[in-house]
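Report on the following structure.
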Amino acid sequence: MLACELNPWQISLGSLVVCSAPEIYIKMAGIASTVYNVICRRSSTFALAIIAGTFVFERTFDTISNQIFDSYNKGKQWKDIKHKYEKE
Amino acid sequence: MAASLGRVCGSGLLKASNGALFNQVSTFSTARDWAKGRKTLLACLGVATGGAGALVYALESSVKAEGVELHAPNYAWDFYGHLSSFDHASLRRGWEVYKNVCSSCHSLKYVAFRELIGVTHTEAEVKEMAAEYEIKDGPNDQGEYYMRPGKPSDYVPSPYPNEEAARAANNGAYPPDLTYIVNARHNGENYIFSLLTGYCDPPAGVVLMDGQYYNPYFPGGAIGMAQVIYDEVLDFEDGTPATASQVAKDVVSFLTWASNPEFDTRKRWFIKAVGIFTLLLTVTYYMKRHRWSTIKSRKIVFAPKK
């Protein structure tokens, strides 16, 4: 309780455990309390948010990593030279 | 610096009487009750063992000139580096070199044609290429073995049916399979490049048998393989000038791929692993600071009763 009062911005990790009492989360700032009320209060929405977040994160992370690799190895990979050998 | 030292050592560094701790520890030692002679003996034994080990190590590492073969220098391969992929145009030329030069003696029996698809050749090219080979298949419904044109799922045919045939055709020397040769030799790609380009006349005093050639990079110097990589030993399909070093570089790149077909994927995953572990480390560090914040920021006050 006390920790949550001191650090009202801590929503991502501690909110579910610590800030369960209603009088505490009312004090939270705008975005954090919206996120908490919309997503974290019900297990169904919370689970859904985790699954959707995982999907979005992984797609973004993979795209960025692959772009780093592809730009570093520009012109060396098979996909850069295969147009020379493909006959249509 | 002082701040981080202070963080590592806590306030221990600032204490004046830190040496007292050491004395306290030594009173708990099991060696405290030993007789003086026993302590001396053990100390001497320890020094002697350590000294002998150091002597053996010094002797081992000081004598380096026992071998007669040259050690290959490290070349600046374009696939060296944490993020670098293979140069696939080079791999494609390397396959040409293997097919036109190496394959008359060396097998590549653990590589299937289909593995070249998307690496050096298109699917149509691989189908066409495989069909040029005659593959033994069977038995058919008559119980007989027969020859058929190759398919992408076939493995690259070997020049000899077995090791004995290979030895018989090569003066008793066995041309090794090249699939994993880069991983199977110390300093693989550099050694093979140096070997291919390092043929020279034998120095005075080195006697070679019939069918042996001199190569300073080969252990012992006498190698059963003649020099095969020369300038213009073949014409590259993409018009790259076929100098000896270019040919050797391309075939070694190709053989490095054959030994490590997962190479490019591994490099790709390196980026992802570094990224994800950086993220996890940050989160872990934050959590640690968070969990410890109550302990780090508390103050214990001694308030005596009045």
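The values are calculated or read from the model by the stated rules, or taken from the named source; none is laboratory data. From a predicted model like this one, the values you see are computed outputs, not experimental measurements. Heads up, the Cβs are rebuilt from the backbone with ideal geometry, glycines too, and the neighbour counts pull from every protein chain shown. The area values use the complete protein model at the heavy-atom level, side chains included, leaving out ligands, DNA and RNA. Shrake-Rupley method; radii C 1.70, N 1.55, O 1.52, S 1.80 Å.
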Going by the structure shown, is B:A48 more than 13 Å from every other protein chain (Cβ to nearest Cβ) and at pLDDT 95 or above?
-> yes
Just checking, which of B:T265, B:T256 is within 13 Å of chain A (Cβ to nearest Cβ) and either closer than 30 Å to B:P176 by Cβ or not hydrophobic (A, V, I, L, M, F, W, C) (or both)?
-> B:T265
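Quick grid of which residues meet (1) among the acidic types (D, E); (2) under 15 Å from B:V97 (Cβ atoms); (3) outside any loop (DSSP other than H, G, I, E, B):
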residue: B:L196; (1), (2), (3): no, yes, yes
residue: B:Y199; (1), (2), (3): no, no, no
residue: B:D210; (1), (2), (3): yes, no, no
residue: B:D231; (1), (2), (3): yes, yes, no
residue: B:E237; (1), (2), (3): yes, yes, no
residue: B:A242; (1), (2), (3): no, yes, no
With B:D235, B:D231, B:D210, B:D201 as the choices, which residue is in contact with a Ser or Thr (Cβ under 8 Å, 6 or more places away or on another chain), surrounded by fewer than 19 Cβ atoms within 10 Å (Cβ to Cβ) and in the same structural domain as B:Y180 (by TED's automatic domain parsing)?
-> B:D231
Do we have B:A54 as closer than 25 Å to B:F218 by Cα and either surrounded by fewer than 13 Cβ atoms within 10 Å (Cβ to Cβ) or modelled with pLDDT of 95 or more (or both) here?
-> no
Test for B:Y230: is it among the aromatic types (F, W, Y), modelled with pLDDT of 95 or more and closer than 24 Å to B:P159 by Cβ | no
Close pairs from the range B:155-172: first closer than 18 Å to B:Y133 by Cα, partner among the aliphatic types (A, V, I, L, M) and assigned to a loop (DSSP other than H, G, I, E, B), Cβ under 6 Å, at least 6 apart = B:V156/B:L108; B:V156/B:V111
Residue count, the range B:210-239, condition under 30 Å from A:I81 (Cβ atoms) and over 25 Å from the mean Cα position of the chain (by Cα), comes to 11
If we scan the range B:263-276, do we find a residue that is outside any loop (DSSP other than H, G, I, E, B), hydrophobic (A, V, I, L, M, F, W, C), more than 27 Å from the chain's Cα centre (by Cα) and not assigned by TED's automatic domain parsing to the domain that holds B:A169?
-> no
Can we say B:T294 is hydroxyl-bearing (S, T, Y) and over 22 Å from B:H186 (Cβ atoms)?
-> yes
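Determine which member of the set B:F302, B:F254, B:F277, B:F263 is aromatic (F, W, Y) and in contact with a Leu (Cβ under 7 Å, 6 or more places away or on another chain).
B:F254
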Please tell me if A:E23 is open to solvent by 60 Å² or more (accessible area, probe 1.4 Å) and at pLDDT 85 or above.
-> no
For the range A:33-88, enumerate the residues that are outside any helix (DSSP H, G or I), on the phi < 0 side of the Ramachandran plot and within 13 Å of another protein chain (Cβ to nearest Cβ).
-> A:N73, A:K74, A:K76, A:Q77, A:Y85, A:E86, A:K87, A:E88
Filtering the range B:251-284 down to residues that are charged (D, E, K, R) and under 19 Å from A:R59 (Cβ atoms), which residue is most open to solvent (accessible area, probe 1.4 Å)?
-> B:R268
